[in-house]
């Protein structure tokens, strides 16, 4: 073989090795990029029992049952549900909120005059959107 052909083959092999490394690196990063673009790695979500807005006047919740039809649990019951004040950006779909530690304002769901309120004397979060969570789910937001 001539010297020119040997040099071209050597350069071609070196170029192929570099291309293979580049492709291998790109393939390794592709799942990470796709996950980040979908937002899946950006946040985890916590399921709620109900998302609702307490009355702006008396603070009572418009309903006393969760989405699944089970009764909401207010204090003085053992392990009462919790009200968590939320904003639009806190939602993950229709019935979940973004899991953030020690960010949300929380109050215990309280039985009051035949209804339920968020906290008592006076009720909190009147007229603001809240997520009702089980005490266990609310504990995951505070790190308890």
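Coordinate-derived values only; no laboratory data. The structure presented is a predicted model; accordingly, all values stated were derived computationally and were not measured. Because the Cβ atoms are built from the backbone with ideal geometry, glycine has one as well, and the counts that use them run over all protein chains shown.
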*From the P(r) of the stretch 45-142, can you give the percent of Cα pairs sitting at distances over 16 Å?*
48
*Within 10 Å, count the other beta carbons around each residue, average over each peptide in 59-68, 80-89, and list them highest first.*
80-89, 59-68
*Round to the nearest 0.05 the FRET efficiency obtained for residue 44 and residue 121 when R0 = 25 Å and r is the Cβ-Cβ distance.*
0.15
*Multiply the residue separation of residue 140 and residue 105 by 0.36 nm, subtract the distance between their alpha-carbon atoms, and state the gained length in nm to one decimal.*
11.3 nm
*Take every Cα pair under 8 Å in the stretch 46-144 that's 6+ residues apart, average their separations, divide by the length, and report that relative contact order as a whole percent.*
42
